[in-house]
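Each value in this text was obtained by applying a stated rule to the coordinates, not by laboratory testing. Predicted model only: the values in this text are computed from it and were never measured. FYI the Cβ positions are ideal-geometry reconstructions off the backbone, even for glycines, and counts take in every protein chain you see.
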Amino acid sequence: MSFRKIFRVVLLIIIVTATFVSCSNDDSKNTVDDVTDSVKDGVWKISYFYDSGKDETQDYAGYNFTFDDNTVLTASKQMNSYTGVWFVSKSTSDDDLYSTIFNIAFGSPDILIDLTDDWKVIENTGTSLKLKDDSKGDSAIDYLTFEKIEQ
């Protein structure tokens, strides 16, 4: 094979590789601002909660969540309303510098205290927010998904 043919093949490989690396297929909006803007819009429910090896989604049936502008999180079910806090931040962990973290904290009741954590944002579509907590190690990863039910 001549030098010219080898050069063309190498050049073609470089161009193809650069094209694939520069074109991202990630349509998820996982920045701090994107996640914050998404959850402040509408009423949300828990569509999936996997905690300590157990699916606990049904425990949250009937709960509606609103994320107010001033980091106030309200969970309501029938005539009961509970207040917590929420905020979104960038990870400061050396292991996870590029992750967006969704922080939730409730003081009561116990069922809502179980949601208290610093959750890593996996996906934000604007109508679905998928979170995970892997701080306990790979053997105990928890998952939490909120879905928008009202605008």
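Shape index of the stretch 82-126: Rg/Rh, with Rg the Cα radius of gyration and Rh the Kirkwood radius from the inverse mean 1/r over Cα pairs, equals 1.04. Seen from every direction in turn and averaged, the convex hull around the alpha carbons of the stretch 36-151 projects onto 7.1 nm². Convex hull volume per residue, computed on the Cα atoms of the stretch 46-86, equals 78 Å³. Summarising the label geometry, the points placed 7 Å from Cα in the beta-carbon direction at Ile149 and Ile113 lie 2.5 nm from one another. Over the stretch 52-118, consider all pairs of different Cα atoms and compute the Kirkwood hydrodynamic radius from their mean reciprocal separation; express it in Å, one decimal. After inverting the pairwise mean of 1/r, the radius is 13.3 Å. Note on Asn103 and Lys40: their simple-model spin labels are 1.7 nm apart, each label 7 Å out from Cα toward Cβ.
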